[in-house]
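Read the structure below first, then the notes.
Computed from the coordinates by the stated procedures, all read-outs in this text should not be read as laboratory data. Note that the structure is predicted; figures quoted are calculated from it, not measured. Cβ sites come from the backbone with ideal geometry, for glycine too, and all protein chains shown count toward neighbours.
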Amino acid sequence: MERQVVKCRRCPRLVAWRERVAREKVRRFSDQEYWGRPVPAFGAPDAGLVIIGLAPAAHGGNRTGRMFTGDRSGDWLFDALYRFGYASQPESAGRNDGLALHDCLITAVLRCAPPDNKPTIDEIGNCREYLRRELRLAGNKRVVVALGRIAFQAFVRIWREDGEAPAAGKLTFRHGGEWELGRLTLISSFHPSRQNTQTGKLTHAMFDGIFRRAREKLQ
């Protein structure tokens, strides 16, 4: 499946944008070779914890070829994962940095960086099947953490379309939301984007609470 993801060209706007960014590099990364392709999931498919984000960042995952790697959102995520035992190191610099995940799979709604981080409805739909297949393959998943409203809505739609167990309570996105879906626990969190972290909408304590709870559920 990873090969299919990396070769995907379903969304002309996203293909054009990711390749343009890879050619017209920002100055601070001008000496680096950009990935410039769809970014596959990172981690083990048999993991107990699945994390769903929005999309690779233009100069993050689109540059490094790894989910949540090379940008501030990733700095927040991997620092938290390391402290709660899901990552072998607190920083994710690139595909060859030796980082390993423990019982954790990181994926996203989109595999290509969207302009201004704003995908269209059609683009989300074009990529949905990849996420659906990953969730089906992740047969040992017990906790899903959805980072942001779009990731939350994408997971809920797939869950309902696949006729899985109904939720115990109304599924409405909020930070720290938690729902039991059969043997699976869904936890929702604000995305660790600069818009949220620099304004204080999401603090380290709030983010830690998400992964502390995930760890508790997986014990």
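For the range 69-131 and the range 198-219, write down the distance between their C-alpha centroids in whole Å.
Here the two parts' Cα centres lie 16 Å apart.
Could you compute Rg(Cα) / (2.2 N^0.38 Å) for the range 1-116, with N its residue count?
In units of the globular-protein estimate, the range 1-116 measures up at 1.02.
Go ahead and run the numbers for FRET between GLU178 and THR199, Cβ-Cβ distance against an R0 of 25 Å, rounding to 0.05. Before the final figure, lay out the partial values.
Numbers: r = 24 Å, r/R0 = 0.96.
Once the sixth-power term is evaluated, E becomes 0.55.
With all pairs of different alpha carbon atoms counted, what Kirkwood hydrodynamic radius in Å does the chain show?
17.4 Å
Over the range 122-175, what per residue volume does the convex hull of the Cα atoms give, in whole Å³?
Spread over its residues, the Cα hull of the range 122-175 gives 96 Å³ apiece.
By how many nm would the segment from ARG27 to LYS118 lengthen if fully extended, with 0.36 nm per residue of separation less the alpha-carbon distance?
Extending this stretch completely gives an extra 30.4 nm.
Please list, in order, the residues from the range 101-127 whose amide nitrogen is less than 20 Å from a point placed 7 Å along the Cα→Cβ vector of ARG72.
113-119
Apply 1/(1 + (r/R0)^6) to the Cβ-Cβ distance of GLU91 and GLN219, taking R0 = 22 Å, and write down the FRET efficiency to the nearest 0.05.
Approximately 0.25, to the nearest 0.05.
Among the listed pairs LYS7/LYS217; LYS25/LYS118; LYS7/LYS118; LYS25/LYS141, which have their C-alpha atoms separated by more than 30 angstrom in this model?
Violating the 30 Å limit, Cα to Cα: LYS7/LYS217; LYS25/LYS141.
Simple spin-label model, 7 Å along Cα-to-Cβ: ARG133 to MET1 in nm?
In this crude label model, ARG133 to MET1 measures out at 0.7 nm.
Before rounding to the nearest 500, sum -39500 (n - 2.57) across all DSSP H runs of length at least 4 in the chain and divide by the residue total; then give [θ] at 222 nm in deg cm²/dmol. Intermediate results must be reported in sequence, preceding the final value.
On the way: 8 runs with 83 residues, N = 219.
After summing the helix terms and dividing by the residues of the chain, the value is -11500 deg cm²/dmol.
Picking from ILE51, ILE150, ILE158, which is most flexible by a Gaussian network model of the chain using Cα springs under 10 Å?
Looking only at ILE51, ILE150, ILE158, the largest GNM fluctuation is found for ILE158.
What is the spin-label model distance, in nm, from GLU164 to GLU19 if the labels are put 7 Å beyond Cα along the C-beta direction?
My value for the distance between the label points is 3.5 nm.
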